[in-house]
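The values are calculated or read from the model by the stated rules, or taken from the named source; none is laboratory data. For clarity, every value in this text was computed on a predicted model and none was experimentally measured. So basically every Cβ, Gly included, is an ideal-geometry build from the backbone, and we count neighbours across all protein chains shown.
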Amino acid sequence: MPAVWKMARNDAEFPSVLMRGVDGADFSPVYGMGDRGILRHRSLGLICSVQCPGSVVIRTFDGIRELRDAGIVVVGGFHSPMERECLDFLLRGEQGVIVCPATGLDHVPLAASWRAGIDAGRLLLLSPFGDDVTRTTTARAQTRNEFVAALAAGLLVPYASPGGKAEATARRAIERGQPLFTFDDDENKGLLQLGARPYHIDDFRGLMAGGAHV
């Protein structure tokens, strides 16, 4: 199993985006597995509710393929069914991917595709939780979502169930002025009314072209 490394606030490579935190959160230290160099690239956060309408699923698959082919680094928990499907698509590309579990990394089972991604320097596991955190809870999942938001230059929320964790994260992103995107679908009226922008691949190319994300 690849070794887990620890990076604290006083580390020269600790990302400045995490120093700023999100809504006062302190994400130091962080624990990683894989190439920390992936953190130098600007990334797009992906967060989606467990339940996802069929019309949004189709749009999401098309969008994720575009993001993969555009070489955009995507960061997410990849825990919900839709997120896991997206990860499968992303791992078939050449760009970096950051997976953020809601537990310590020692307790994350590594699929063969994950090991291959780590060995190739394309997949980074990153968590704000140490090895004493052995299981996911609702509170830890929400903390993980905020961690993803802190790492990301912008957020893509394919779908957010009303009143759920994904919607809460999306609402806070809008409140702090972080770019938020979703798909232009009747199922996403709530997110669009909240202030999310309709997905368009050119928006992400521009967002990611801002240089190093450190």
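Considering each residue of the stretch 65-120, count those that are in a loop (DSSP other than H, G, I, E, B), of a type outside the set (A, V, I, L, M, F, W, C) and either under 22 Å from ARG144 (Cα atoms) or under 16 Å from the mean Cα position of the chain (by Cα) (or both), and give that number. The number of residues fulfilling the criteria is 10. Residues in the stretch 81-99 that are more than 12 Å from LEU123 (Cβ to Cβ) and in contact (Cβ under 8 Å) with a residue 40 or more places away in the chain were compared, and the one that is surrounded by the most Cβ atoms within 10 Å (Cβ to Cβ) is CYS86.
Screening the stretch 112-124 for residues that are more than 14 Å from SER43 (Cβ to Cβ) and hydrophobic (A, V, I, L, M, F, W, C) and picking the one that is surrounded by the fewest Cβ atoms within 10 Å (Cβ to Cβ) gives ALA112.
Note on the stretch 121-162: residues that are touching a residue at least 40 places away in the same chain (Cβ under 8 Å) and not in a loop (DSSP other than H, G, I, E, B) amount to 18.
Just one residue in the set GLU167, GLU175 is of a type in the set (Asp, Glu), surrounded by fewer than 21 Cβ atoms within 10 Å (Cβ to Cβ) and in contact with an Asp or Glu (Cβ under 9 Å, 6 or more places away or on another chain); that residue is GLU175. Being under 15 Å from ALA3 (Cα atoms) and in contact with a Lys or Arg (Cβ under 9 Å, 6 or more places away or on another chain) is true of ALA116. Once the stretch 121-137 is narrowed to residues that are under 17 Å from the mean Cα position of the chain (by Cα) and among the hydrophobic types (A, V, I, L, M, F, W, C), the residue that is nearest to ASP69 (Cα to Cα) is LEU123.
Annotation note: Cβ proximity below 8 Å between a residue of the stretch 32-61 that is touching a residue at least 60 places away in the same chain (Cβ under 8 Å) and within 14 Å of LEU155 (Cα to Cα) and a residue that is of a type in the set (Ser, Thr, Tyr) and surrounded by fewer than 17 Cβ atoms within 10 Å (Cβ to Cβ) (sequence gap 6+ or interchain) occurs for SER49/SER161. On the given criteria, is ALA150 at pLDDT below 95, surrounded by 19 or more Cβ atoms within 10 Å (Cβ to Cβ) and in contact with a helix residue (DSSP H, G or I) (Cβ under 9 Å, 6 or more places away or on another chain)? It is true that ALA150 is at pLDDT below 95, surrounded by 19 or more Cβ atoms within 10 Å (Cβ to Cβ) and in contact with a helix residue (DSSP H, G or I) (Cβ under 9 Å, 6 or more places away or on another chain).
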